[in-house]
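To keep things clear, I will list the structure first and then write my remarks on it.
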Amino acid sequence: MGILIGKNTRLLVQGITGNDGSFHAEKCRDYGTNLVAGVTPGKGGTTHLGVPVFNTIGEAVKKTGANASMIFVPPPFAADAILEAADADLEFIACITEGIPVLDMVKVVRYLQGRTTRLVGPNCPGVINPGEKCKIGIMPGNIHMAGNVGVVSRSGTLTYEAVAQLTDRKIGQSTCVGIGGDPVSGTNFVDVLDMFNKDSATEAIVMIGEIGGSKEQDAADFIKKNVRKPIVGFIAGGSAPPGRRMGHAGAIITGAAGTASAKVAALKAAGVTMVDSPAKLGDAMAKVLGKK
Amino acid sequence: MKLHEYQAKALFAKYGVNVPKGSVASTPAEVAAKLREIGGKGVVKAQVHAGGRGKAGGVKVVKSPEEGEQFAKGLLGKRLVTHQTGPEGVPVDKLLVEEVIGIQKELYASIVVEPSMKTAVFIVSEAGGMDIEEVAAKSPEKIVRLSVDPIIGFQPFMGRKLATGLNIDPALMRPAAAFFENLYKLFVATDASMAEVNPLVITTDGRILAADAKIGLDDDALFRHKDLADLRDIGQEDALDVKASEADVNYIRLDGDVGCMVNGAGLAMATMDLIKLMGSQPANFLDVGGGASEDKVKAAFLILLSDKKVKKVLVNIFGGILRCDVAARGIIGAVKEKGINVPLVIRMRGTNAEEGLKLLRESGLKVIIANDLQEAAEKAVRAA
């Protein structure tokens with residue numbers, strides 16, 4: 001069990017012949033993911049890492065039955081790569097690429113509305129389901145262990161930190177989802193919390209937010225109404241100076257909502273166990289699960 | 001990337017968004033000449049990347065070319081300190097000289113990409129000329145929002161809706177709608193992250209003008225806007241920040257004394273939070289990025305060390321794409337080149353952590369190794 005990906009996932013990698021794409025495709029396969037194809041326009045007909053490379057996703061799906069994609073295409077072409085994967089009705093896409101223009105993502109996310117494809121990212125570490133030995137992303141597989149805690153985060157390495165703390169305390173994970181650090185992305189906290197809430201393999205949740213925007217407040221509203229599973233949370237950036245990452249007018253829409261304190265307050269009010277230190281996530285979850 | 005007001009207004013004009021008559025000057029004599037061109041009287045505005053210019057003495061309505069020239073002499077080549085700049089201020093190299101406009105009404109308009117709507121959104125308000133964040137907090141009913149579906153783009157009815165929301169005289173509805181339509185065209189064509197007009201003025205002679213203009217550009221889209229990338233004025237930016245952007249590392253200088261270098265923005269922020277929680281202050285935010293090379297780590301570490309406020313250093317690397325041994329080599333290279341006379345605490349975990357720590361131990365550098373995040377922060381804060 002777990003969410004988004006698993007035993008039935010058949011992965012293709014867009015940009016498989018590039019350095020990063022090749023390196024991580026191999027790591028995913030070594031972890032246990034069923035890698036079935038690669039797509040690099042112009043290199044169709046060749047073989048890479050022992051799997052066939054195609055010019056288009058349409059061909060790859062027809063020949064290999066691929067149903068998920070991991071994208072390593074460079075930023076200028078990444079939006080187009082996501083659109084191609086959605087057009088082929090893949091079930092799942094993790095877009096790892098960082099630095100896609102925001103207005104490109106505005107179009108992509110609008111195109112995805114009403115379609116069946118689930119996009120995670122961009123600018124994200126991807127998703128891993130340790131119980132079903134399936135990894136679509138760039139996270140180090142060996143820090144994970146199978147179990148019943150779902151992890152959702154806007155960050156990459158901070159997620160690894162949280163996961164390592166869990167694994168150090170023999171607390172396994174059902175699925176870990178990095179939703180990515182971009183302002184406009186395919187999947188938000190609410191989407192993942194909803195899935196964890198319905199997943200029988202997930203007993204508790206770690207949620208890691210960041211300053212800026214109001215995705216955490218949306219999550220707090222959802223949690224209050226729907227989630228009865230225990231959640232441990234942390235918001236990164238309480239010490240960050242205001243205005244450096246958010247544009248002036250960008251700050252007005254969410255108003256004070258962009259600050260760490262506002263997010264912490266909203267999540268606390270929704271019943272989430274908030275920790276003030278990123279070093280305490282593991283201990284807090286152990287306590288919640290009665291393991292300490 | 002930020003633009004100067006004169007650059008933003010030139011773009012506004014290019015896309016048909018009306019701005020006051022004016023042009024930019026670099027010397028006092030030029031200021032006087034430009035004022036003569038528009039009839040002697042005018043407004044002279046310091047071109048800096050900071051708000052609060054008016055209150056800081058960077059904007060003046062002058063009655064004659066001579067007065068304008070005097071004002072320019074006092075500003076050009078100096079540094080302007082506003083509430084947004086910090087005590088060192090920002091250099092004034094250029095002045096914008098504009099016609100004086102008769103104001104009938106001051107409004108507010110901006111476009112931003114709103115993450116929760118996942119579209120570009122217009123924000124307009126009748127409360128122009130004021131701090132819009134304050135308006136949003138105190139009288140949110142005075143703010144009107146309109147989301148533009150990227151598939152259909154801006155439609156004429158949206159312009160009418162915005163004009164109506166601003167209680168604009170029906171006789172001016174057409175030019176107002178055109179103003180908004182052109183502003184949206186500009187926003188999309190330049191890949192802006194923000195376009196703001198405050199105030200948006202209805203003049204006594206019935207014109208609709210952007211009296212001030214701000215544009216923020218999406219750095220990630222500059223690859224397809226070479227002409228816009230050339231507008232960058234690095235003189236307005238912190239010298240270390242510029243160095244960092246040249247090395248392609250994400251660095252922001254802060255006020256504390258614990259320098260930190262981390263891989264990943266979230267972990268970097270979390271590390272800063274922990275330093276603060278332990279009673280100290282971070283000297284910077286520094287994310288070396290995911291796939292950093294040895295050279296990049298070295299460049300990043302040198303930038304961190306060149307900040308004189310740094311009294312101790314904390315390195316926190318959770319190896320993923322970035323291997324810990326690569327990070328260790330970069331750090332060792334930087335220290336061998338420039339030396340280090342403050343305590344250095346290092347925590348490494350993840351990909352090739354053992355190898356990285358071994359390299360550090362064998363390098364002969366005085367390094368304090370920490371096993372986990374908590375211990376790392378404690379050791380860094382207490383180091384002296």
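Is at least one residue of the range B:188-196 closer than 30 Å to B:Lys105 by Cβ, in contact with an Asp or Glu (Cβ under 6 Å, 6 or more places away or on another chain), not charged (D, E, K, R) and not in a helix (DSSP H, G or I)? Let's see the steps before the verdict.
First pass over the range B:188-196, keeping only residues closer than 30 Å to B:Lys105 by Cβ: B:188-190, B:192-196.
Next, only the ones that are in contact with an Asp or Glu (Cβ under 6 Å, 6 or more places away or on another chain) stay: B:193.
Checking which are not charged (D, E, K, R) leaves us with B:193.
Now narrow it down to the ones that are not in a helix (DSSP H, G or I): B:193.
Yes - at least one qualifying residue is present in the range B:188-196.
Condition test on A:Pro74, is it closer than 30 Å to B:Lys185 by Cβ, surrounded by fewer than 22 Cβ atoms within 10 Å (Cβ to Cβ) and of a type outside the set (Asp, Glu)? Yes, satisfied. Residue pairs whose Cβ atoms lie under 7 Å apart, sitting 6 or more positions apart in sequence or on different chains, and linking a residue in the range B:149-161 that is within 14 Å of chain A (Cβ to nearest Cβ) to a partner that is of a type in the set (Val, Ile, Thr) and part of a helix (DSSP H, G or I), are B:Pro150/A:Val106. A:Asn197 versus (1) buried (at least 24 other Cβ atoms within 10 Å of the Cβ); (2) more than 14 Å from chain B (Cβ to nearest Cβ): which is the lone unmet condition? Result: A:Asn197 fails condition (1) only. Let me confirm something: among A:Thr159, A:Thr175, A:Thr167, which residue is assigned to a helix (DSSP H, G or I) and within 13 Å of the chain's Cα centre (by Cα)? Result of the check over A:Thr159, A:Thr175, A:Thr167: A:Thr159.
Looking only at the range B:232-273, filter to residues that are of a type in the set (A, V, I, L, M, F, W, C) and part of a loop (DSSP other than H, G, I, E, B); which one of those is farthest from the other protein chains (Cβ to nearest Cβ)? In this case the residue turns out to be B:Ala247.
Give the range A:211-241 a look and list any residue that's among the hydrophobic types (A, V, I, L, M, F, W, C) and within 12 Å of another protein chain (Cβ to nearest Cβ), or say none. Write out each step before concluding.
Going residue by residue through the range A:211-241, those that are among the hydrophobic types (A, V, I, L, M, F, W, C) are A:211, A:219-220, A:222-223, A:227, A:231-232, A:234-236, A:240.
Once the filter is applied, which keeps residues that are among the hydrophobic types (A, V, I, L, M, F, W, C) and within 12 Å of another protein chain (Cβ to nearest Cβ), the range A:211-241 yields A:Ile211, A:Ala219, A:Phe234, A:Ile235, A:Ala236, A:Ala240.
When the criteria are applied in full, A:Ser174 fails the requirement of being in contact (Cβ under 8 Å) with a residue 12 or more places away in the chain, surrounded by 24 or more Cβ atoms within 10 Å (Cβ to Cβ) and at the interface with another protein chain (Cβ under 9 Å from one of its Cβ atoms). When B:Asn250 is tested against (1) out of contact with any Ser or Thr (no Cβ under 9 Å at 6 or more places or on another chain); (2) within 16 Å of B:Ile317 (Cβ to Cβ); (3) crowded, with 21+ Cβ neighbours inside 10 Å, just one condition goes unmet, and that condition is (3).
Looking only at the range B:185-224, residues that are in contact with a helix residue (DSSP H, G or I) (Cβ under 9 Å, 6 or more places away or on another chain), under 30 Å from B:Ala163 (Cβ atoms) and not aliphatic (A, V, I, L, M) come to 12 in all. Among (1) assigned to a loop (DSSP other than H, G, I, E, B); (2) farther than 18 Å from A:Gln113 by Cβ, which single condition is A:Ser185 missing? With (1) assigned to a loop (DSSP other than H, G, I, E, B); (2) farther than 18 Å from A:Gln113 by Cβ applied to A:Ser185, the lone miss is (2).
If you go through the range B:90-126 one residue at a time, how many are under 23 Å from the mean Cα position of the chain (by Cα), assigned to a loop (DSSP other than H, G, I, E, B) and modelled with pLDDT of 90 or more? Looking only at that region, the number is 4.
Can we say A:Ala37 is away from chain B (no Cβ under 14 Å) and more than 30 Å from B:Ser193 (Cβ to Cβ)? So A:Ala37 passes the test.
The values are calculated or read from the model by the stated rules, or taken from the named source; none is laboratory data. A quick note: this is a predicted structure, and the numbers were derived from the prediction, not measured. As a convention, Cβ positions derive from the backbone with ideal geometry for all residues, glycine included, and neighbour counts pool all protein chains shown.
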